Amino acid sequence: MKIKLNVWRQAGPNATGGLKSYDIEVTEHMSFLEMFDVLNEQLLRNPDKHPEGPVAFDHDCREGICGMCSMVIDGVPHGPNKATTTCQLHMRSYKDGDEITVEPFRAKAFPVLRDLVVDRSSFDRIQHAGGYISVRTGAAPDANALPIGKADADEAFDYAACIGCGACVAACPNASAMLFVGAKVSHLAKVPQGQVERVGRVTRMVDVMDAEGFGGCTNHGECEAACPKEISLDAIAMLNTELARAAVASAK
Amino acid sequence: MKLDSKVPSGPIEERWDKHRFAMKLVNPANKRKFKVLVVGSGLGGGAAAATLAELGYDVHCFCVQDSPRRAHSIAAQGGINAAKNYQNDGDSVYRLFYDTVKGGDFRSRESNVYRLAQVSVNIIDQCVAQGVPFAREYGGLLANRSFGGAQVSRTFYARGQTGQQLLLGAYSALNRMIDAGKVKMHTRTEMLDLVLVDGHARGIITRDLVTGEIKRWAADAVCLASGGYGNVFYLSTNAKNSNVTAAFRAYKRGAGFANPCYTQIHPTCIPVSGGFQSKLTLMSESLRNDGRVWVPRDKSKATADPTTIPEEERYYYLEERYPSFGNLVPRDVASRAAKKVCDEGYGVAKHEVDGQRNAVYLDFAHAIKRDGEDAIRDRYGNLFDMYERITGESPYKTPMRIYPAVHYTMGGLWVDYNLMSNVPGLHVLGEANFSDHGANRLGASALMQGLADGYFVIPYTIGNYLATEHQGPVTEDHAAFDEAEKEVRAKTQKLLSLSGKTPVDEFHRKLGKIMWDYCGMARNEEGLKKALELIPELRKQFWAEATVPGKADELNPWLEYAGRVADFMEFAEMMCRDALERDESCGGHFREEHQTEEGEAVRNDEDYAHAAVWEYQGDDKPPTLHKEPMKFEYVKLTTRSYK
């Protein structure tokens, strides 16, 4: 089938970008990124016609778990399918003659590096500020010494399933990272191992989140809709609760 | 090349303890003076970087991805083995050791494997303490499952995302040390050369993948945890950025490369659907616990709706051929059996590839009838969803189609008991080394080995090197750095000067086809010799006809890729050479000349019970072969039988 692609092209972090159109022939079995492979092959084979060169985009595992792929597809991070990363989106979701516009994730805290590649190191810096339990290697008690109810363990897992892709930020009108931060805070608040550092963790992570230039949450819910791992908005509610707890605790 | 395994003597269960006592310690006050470079941030590298920093070393960690959390360990699905015996079903350290040596088809080093089984129990403790949300029973204790040919339930898991959760655990430990200022993390940074001073590994040369800056890093020791080389086949379950470059550059600087021909072909992957295909997706082999593998007995029904084929017309070939293990035979056995039925014309793929329908059914109808759809959803829901996203078909309604794909590489840089290569100071962890899995890796053992190496082995053994063999300070202005940097710059320029018409992908795809056809699931002398002619020809074409766009001082994914493919094209030759030299069948290495009448592998212990270690001799000369004999004092060499 024939697809018309409008792709954001930007030569470097400080260059001016813009949309450029390409016509491409694809099959329904292709993944969305395989369509970009085919496009890039076309661009590479015709350097005279396409002096702008192939399109840079981030990708790695191509099975929806590493969180490296991004892309805003027709205005939606990771495209139209629920609970699906860009790499797992297949062209059978489109039909012959469709026009698709592809842009990078956009947020002040995710500057564009080139074309569809953005810098998400701000996410790592939030995690550095307490996204862990302080346990030295070798200092752990027997794994079964601390039973954890299945319901709590399952809920912790649901939050821990975050792949750190940044779709929540790209989907939010405020470019808020509350869902991402909430997922980590909630995961660790749900398990007994995370209790000791609970207060300090949420405070520090939120401080860094603010300093990195992410916006606040105004309850649009776009993050939850865009999240390929279906992290629930409950993570944000829990983050706010944890912040309140921390405020009370530090006021004591 | 001297291959001294440095395995301690004495009873096997006491060796690691004895060795830990015999090793020299670094004075705590001196640790911060030692700089250690860790290349890779997966389970091996991430765990090592965090733990070495906790001990006080000055650690720098490098990864090619934009975050250490994206290392390919994250994609492991099924689980991690540990000899906890929480199920009281007869597991023990000795049994895990025995199963791993046997599963590896008697081509691994007994002492290393025993240690791996010993520390496996500590890994689970460590991960739980980090907050890793393993599956639990209703009573709150950890759940286990039986996995990939094990007859005890020793596998710990976190739904179908165990690798992700373990890696996020290691990532959190790493973050803690980054936060403390003890680890400096360098993301989007690729190691392009190893620097040796007076024969010791004393640094690396890197390229910043965003700015293109080439940089020198002098250090007191180097740990390579750069993963496996499955992408030499182009199509594999590996992430697209997984590559052999760091390990291969180390090889070219003198590190021996052991058993490169040992490749694991995973039996349960989604079949190829077209020529544009960029990678293959694995479906966890835990699915074989409940799924039954079959093909129609009537070849004309290859494309018929499988749910309409009556029970008596179904050929459950694994259950028939291996009655005691059935669908749970080890990976290499299951893969070859699938290839065999497809080669015989029973395949059920929707699309033909080279005139063959390469797929078999993995059917859950019986399990759903027995346990109910909810129970199956609970166990495999995310895998079924993933399958449906990729293929458009629901495994709840119709059997999955699966076919083997390249998944893991057991070969790697040779290391001794201390995980140090023959180049002093160069340590190699995880999939990048050769040590623990022999000729075939058992399911749920890769995560165990990566974390064992990173958390519980290297933190001790590197101290011994630094305390006893370390050579004094070296700085980045040493002549060896000048020379290495010059070579890196020259290679970058050479790649950028390629101004042909053909994208690098095409050469990679061609290389992959040569490797799959002649050095894949089954190999023979004639095919391997043919591959050894085809690969140099393809390499010549690459350097004459490939195109690499862009500049050196910018984010240039095509330059990165071209460098990795160029290395794969040299590496592939060594793989075929090794496969040719190993004139026996063992584990994942199946030489068609050596099989029983029923098609089972026939080992030759007299001539090949060794690790084959290749030493680089220059670009125009074949590498030389060295051998480390594998001695079996505890596990009796027997023919593996899963019948």
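Bear in mind these aren't lab numbers, they're just calculated from the coordinates by the rules spelled out. Computed from a prediction, not measured in an experiment: that's the story for all the values here. Cβ atoms come from the backbone with ideal geometry, glycine included; neighbour counts cover every protein chain shown.
Summary table below
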item	result
Net charge of Cβ neighbours under 12 Å - reference A:THR27; Lys, Arg +1; Asp, Glu -1	-2
Stretchable slack from B:GLU483 to B:LYS369, in nm (0.36 nm times residue separation minus alpha-carbon distance)	34.4 nm
Packing rank of B:118-129, B:432-443, where each peptide gets the mean count of other beta carbons within 10 Å, highest leading	B:432-443, B:118-129
Peptide B:134-145 - average C-beta neighbours from other chains (10 Å radius)	4
Long-range Cα-Cα pairs in chain B (distance over 48 Å), rounded percent	10 percent
Peptide-level mean, for A:34-41, of C-beta atoms on other protein chains within 10 Å	3
Pair A:ASN6, B:GLN541: separation of 7 Å Cα→Cβ label points (nm)	4.0 nm
Distance in nm between pseudo-label sites at A:ASP96 and B:TYR634 (7 Å out along the Cβ direction from Cα)	6.5 nm
In order through the range A:104-111: 3J(HN,Hα) via Karplus (6.51 cos²θ - 1.76 cosθ + 1.60), integer Hz, x for Gly, Pro	x, 4, 10, 6, 4, 7, 10, x
Peptide-level mean, for B:177-188, of C-beta atoms on other protein chains within 10 Å	3
Calculated FRET value between A:ALA247 and A:ASN174, using beta carbons and R₀ = 25 Å, to 0.05	0.70
FRET efficiency, 1/(1 + (r/R0)^6) with R0 41 Å, evaluated for A:LEU146 and B:LYS350 via beta carbons	0.25
Helical segments meeting 24 Å axial Cα length and Kyte-Doolittle 0.0 threshold in chain B (DSSP H)	B:110-129, B:162-179
Equivalent ellipsoid, the range B:415-454 (semi-axes from 5 times Cα gyration tensor eigenvalues, Å)	19, 11, 6
Sequence-distant residues sharing a close amide H with B:THR547 (under 5 Å, placed H)	B:GLY500, B:THR502, B:VAL504
Chain A - Kirkwood radius from inverse mean 1/r over Cα pairs (Å)	19.7 Å
Long-range amide H partners of A:MET30 with built H, under 5 Å	A:MET91
Karplus (6.51, -1.76, 1.60) ³J(HN,Hα), θ = phi - 60°, over the range A:230-236, in Hz, Gly and Pro reported as x	6, 5, 7, 4, 3, 4, 6
Equivalent ellipsoid semi-axes, the range B:108-261, via Cα gyration tensor eigenvalues times 5, rooted, Å	33, 21, 17
Overall dimensions of the range B:595-639 by Cα: Rg and Dmax, Å	15.2, 43
Trypsin sites (Lys or Arg not before Pro) lying in DSSP loop within the range B:454-538, provided at most 15 other Cβ fall within 10 Å	B:LYS501
Normalised alpha carbon radius of gyration of the range A:2-114 [divisor 2.2 N^0.38 Å]	1.03
Backbone N under 15 Å from the B:SER324 label point (7 Å along Cα→Cβ), restricted to the range B:582-599	none
Computed Rg/Rh of the range B:480-609, alpha carbon atoms with Kirkwood Rh	1.11
Semi-axes of the equivalent ellipsoid for the range B:266-405, Cα gyration tensor, largest first, Å	20, 18, 15
Alpha-carbon centroids, the range B:571-643 and the range B:348-363: separation in whole Å	30 Å
Over 28 Å (Cα to Cα) - which of B:LYS182/B:LYS215; B:LYS491/B:LYS513; B:LYS102/B:LYS301; B:LYS18/B:LYS184; A:LYS108/B:LYS184; A:LYS4/B:LYS279 fall in this group	B:LYS102/B:LYS301; B:LYS18/B:LYS184
Within-14-Å neighbourhood charge of A:MET238 [Cβ basis; K, R +1; D, E -1]	-1
Size of the protein assembly as shown as Cα extents on the principal axes (Å, biggest first)	71, 70, 64
Residues with amide H under 5 Å from that of B:LEU196, placed H, sequence gap 5 or more	B:ARG202
The range B:188-195 - phi-based ³J(HN,Hα) in whole Hz, Karplus 6.51/-1.76/1.60, Gly and Pro as x	6, 9, 10, 6, 10, 6, 9, 10
Added length on full extension, which subtracts the Cα-Cα distance from 0.36 nm per residue, B:GLU312 to B:ALA552	80.1 nm
Normalised per residue, the volume of the convex hull around the Cα set of the range B:93-183 (Å³)	126 Å³
Antiparallel bridges, percent of DSSP beta bridges restricted to the protein assembly as shown (to nearest 5)	70 percent
